[in-house]
Amino acid sequence: MITANDLEKFIKQIPAAPVVVIETLKELEKEDLIKAAKSALRDPALISYLREIINKPYFGFTNDINDIYQIFSGLGIIRAKQIISSYLVSILAPKSWSFFELTQEDIQNMQSDTIIIWNKILDYKKCEESEIAISAVLLPAAIIVCEYLFRAKQEEIELILSNKYLDYNSLLERVSGRNFFDLVEIICQKWGLPIRSAKILKAASGNNPDACDYKDLVYAKMLHMLFFYLLVKPNLVKAGLMQFIEYNPDFTEDIAQEFIEIVGIKS
Amino acid sequence: MRPVIKDKIAIFYIQGFIDGNNAPSLITLQDITYTIGLDVDAVLISFEKVIFFNKKGLDFLAEVLKQFKSKMGVLIGIFGYSKKSYDSILASYPDELPFCLFDDLKTATLFVGISEVPRDSIILFYSKDKDQKNYISLELYNRGYQAIYVSTPNELALKRAARVQNPSLFAHSFEMTHLINHSHKIAKQLFGKVVVYTLSGYIDGDVADRFDLNYHTKSLNVGFKLFVLDCERVKAMNIHGVNFIAKLSIAAAEWGATICLTSLDDDKIQPKLKEELETSGVLFYPTLEILLNDKSLLETHGGGATVNKKSKQKISKNLIEQLPVFINSTIKSLSILTNKTPIKESLQMSQLTINSQLDNLLASSIGFYGDLDGLIVLVFPKTIAIKACKILLNNQESFSDKELEDALAEFVNIVAGTTKSALSDKGIKITITLPRTFLKLNELLHTVEAKNGVQVVMSFDGEPFYFFLTR
């Protein structure tokens, strides 16, 4: 099974964030959209990613936007930081998946769905904090980490789980002392992404509410529900994501109805 | 997703948002085929972690459950829903519910599978449906419980509050349970080393259909020696019922096991038929309580005091040929769970010989049958048991004996599962029985006494660990 050594090896192999992305984020931190756009120009993959996301209907642009300065201007500081952080997570994703039956397209769609639904929630809550905006885009990172760690251990994991109902996150914690969200926090530290965002994600696992500040807990709860809402898509259920974490009804009891109303779920 | 099997019940633990689009991905055709091949008394779906469901999603799950009912003849149901969900489910099927509803898993086990709630316990319940009230009362009675109906939810709430101060008031209660017709398997419970079947009504030829012969055979396989058919709720028994029980008794004798009948008063059976049962080796006791207090009976039937044909069966050549598979599966399972590998120290053909202090040792056993049949026994110090089961015990520092027993059962299941998989790769098919655990080694030694087999002593973290394979 997975050992603490396996985790250390994985952590050492986490690639550094591309320089262009780091510099773009630094400019956004200084709230300079023009310089950020100029920096982003040096990474065609980043431009392509930004174009893909911003031209989704949610962002409300009637015509496609391709000009990088217009993209940054249209997004604003907070959304630009959010989507660039999402781009960083997308770089981490493997070219092919085996533990989860996912494709690159599935992950890209999951990322854009996460951004759209999360921003709907933040608009409703009138939240304009970039760290909270970024927390949701880290969710796919936890799934990507699970893929890397579990892909060579599929048989062993199936053996343990055939006799016991346990989610993957809890299994990793039991065998190694750390879970996927702990590892995402380490990735954030390496990449210079906000630790507050990683802590909100950690609390969003459902079994660690003390991981984030009390004032961020409502967002952690919303993020917990968001993960399961994403699994309404049959391809993600088929991929095996339903067993990634365990839903904690007690954790979300006070916000469940609000979440259902915000995302517009009807019976 | 595959169901988790616990105490003869297959459970699908679904979670999240369930609608008509994603429900078919939750329980796929392969999952359905796999489940149909299981030997269980019920298939249930847990709604404990379902956030939201719509009618289309529920309809799909209902169709899946109906498939299990028609192909397996099992009880089907859903449990663990909120009050709001309960009302919503009932409203979705105003004419007839296609599946049972249970407040929780513990309530479900009152009606199917193997319940931890002891026989004769008081069960309080409320139901707003008069037909359900009668049906539930009868079912609980037939399964050996004392059912008390409470007329309002408020009254139930008051009684539950009172129970906090006085837990002996009743053993369990429920208020959102709804039963549908299903073929009733005879209730079974474990009382330590004794398997108790609760008979009710008229015992005639159809008792064979309602008796879980698979479970009975597996129990014999893993070393249970005393089986009781309690007749307190029986109205009468005819020759067909007697013939069935006589056959059970004769078959049990081959295993050195005994069938007992309790509370079979003279007015329930003709004297001649009773004599026939006595001739076939059945013992009679006035009540179950008297039997369970008969220390000498329990000691001689704690596991194999009588040497018999079955225990004299030698370990077969076919089994010996696959010995490496069994040993490697055990080593692999322990390695997976602990990240440490045990080392083989010695191997011998003998009876089980333990060279350590017995009071520090725990054991678990599991039987198998099919292309090969036998019994795997694992004996280890408590310290190793805890290390092996650490993941299964959630790394807890302290746990009850029951938690440790459950974890040991899961561990030996993992060993058996690994073995089954490895043998299957070689074209050898086996079926695994329910595991048994022994927190006191003397109980195990009674079971395997005089059995010859292969004993492998391994060392793990400097302590001995015994693997014993026998028939």
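The values are calculated or read from the model by the stated rules, or taken from the named source; none is laboratory data. Given the structure is predicted, the values throughout are model-derived calculations rather than measurements. So basically every Cβ, Gly included, is an ideal-geometry build from the backbone, and we count neighbours across all protein chains shown.
Only residues in the stretch A:169-186 that are within 14 Å of chain B (Cβ to nearest Cβ) count as the first member; pair them with residues that are of a type in the set (F, W, Y) and buried (at least 22 other Cβ atoms within 10 Å of the Cβ), Cβ under 7 angstrom, at least 6 apart or cross-chain, and list the lot.
Close Cβ pairs (under 7 Å, with a partner that is of a type in the set (F, W, Y) and buried (at least 22 other Cβ atoms within 10 Å of the Cβ)) amount to A:N169/A:F180; A:L172/A:F180.
If I ask for residues that are more than 10 Å from every other protein chain (Cβ to nearest Cβ) and not polar (S, T, N, Q), which ones from the stretch B:377-395 would you list?
Taking the stretch B:377-395 and keeping what is more than 10 Å from every other protein chain (Cβ to nearest Cβ), we get B:377-389.
Hits for the stretch B:377-395 are B:V377, B:L378, B:V379, B:F380, B:P381, B:K382, B:I384, B:A385, B:I386, B:K387, B:A388, B:C389.
Being touching an Asp or Glu at 6+ places or on another chain (Cβ under 8 Å), basic (K, R) and within 28 Å of B:I114 (Cα to Cα): is that true of B:K382 here?
Criteria not met by B:K382.
Pairs only if they're at least six apart or on different chains, beta carbon under 7 angstrom, first in the stretch B:247-268 and of a type in the set (D, E), second part of a helix (DSSP H, G or I); list them, first residue then second.
B:E254/B:K310
Please pick out the residue among A:K202, A:K221 that is away from chain B (no Cβ under 14 Å) and in a helix (DSSP H, G or I).
A:K202
What tally of residues in the stretch B:281-291 results from selecting those that are surrounded by fewer than 18 Cβ atoms within 10 Å (Cβ to Cβ) and not in a strand (DSSP E or B)?
Summing the residues that are surrounded by fewer than 18 Cβ atoms within 10 Å (Cβ to Cβ) and not in a strand (DSSP E or B) in the stretch B:281-291 gives 5.
Would you be able to tell me the number of residues in the stretch B:396-445 that are of a type in the set (S, T, N, Q), more than 10 Å from chain A (Cβ to nearest Cβ) and surrounded by 18 or more Cβ atoms within 10 Å (Cβ to Cβ)?
Residues flagged as of a type in the set (S, T, N, Q), more than 10 Å from chain A (Cβ to nearest Cβ) and surrounded by 18 or more Cβ atoms within 10 Å (Cβ to Cβ) within the stretch B:396-445 amount to 3.
Where residues in the stretch A:1-36 are among the charged types (D, E, K, R) and outside any helix (DSSP H, G or I), which of them is nearest to the other protein chains (Cβ to nearest Cβ)?
A:E31
Step by step: first the residues of the stretch A:242-267, then only those that are more than 10 Å from chain B (Cβ to nearest Cβ) and among the aliphatic types (A, V, I, L, M), then the one that is farthest from B:P24 (Cα to Cα). Which residue is that?
A:I255
For the stretch B:108-206, list the strands (runs of 3 or more DSSP E) that sit wholly inside it and hold at least 2 residues that are modelled with pLDDT under 90; which are they?
The qualifying strands (runs of 3 or more DSSP E) are B:187-191, B:194-203.
If you take the residues in the stretch B:40-66 that are surrounded by fewer than 17 Cβ atoms within 10 Å (Cβ to Cβ) and away from every other protein chain (no Cβ under 14 Å), which one is nearest to B:I180 (Cα to Cα)?
Checked the stretch B:40-66; the qualifying residue nearest to B:I180 (Cα to Cα) is B:K66.
Check the stretch A:209-224 and report whether any residue there is touching a Lys or Arg at 6+ places or on another chain (Cβ under 9 Å), free of Cβ contacts under 8 Å to residues at least 60 places away in the same chain and farther than 28 Å from A:I2 by Cα.
yes
If I filter the stretch B:17-39 down to residues being within 12 Å of chain A (Cβ to nearest Cβ) and of a type in the set (D, E, K, R), which single residue comes out as surrounded by the fewest Cβ atoms within 10 Å (Cβ to Cβ)?
This residue is B:D31.
State all residues of the stretch B:2-16 that are within 8 Å of chain A (Cβ to nearest Cβ) and either basic (K, R) or touching a helix residue (DSSP H, G or I) at 6+ places or on another chain (Cβ under 6 Å) (or both); if no residue qualifies, say none.
B:R2, B:I14, B:G16
Could you please find all residues in the stretch A:164-187 being under 18 Å from A:Q243 (Cβ atoms), of a type in the set (D, E, K, R) and part of a loop (DSSP other than H, G, I, E, B)?
Those that are under 18 Å from A:Q243 (Cβ atoms), of a type in the set (D, E, K, R) and part of a loop (DSSP other than H, G, I, E, B): A:K164, A:D167.
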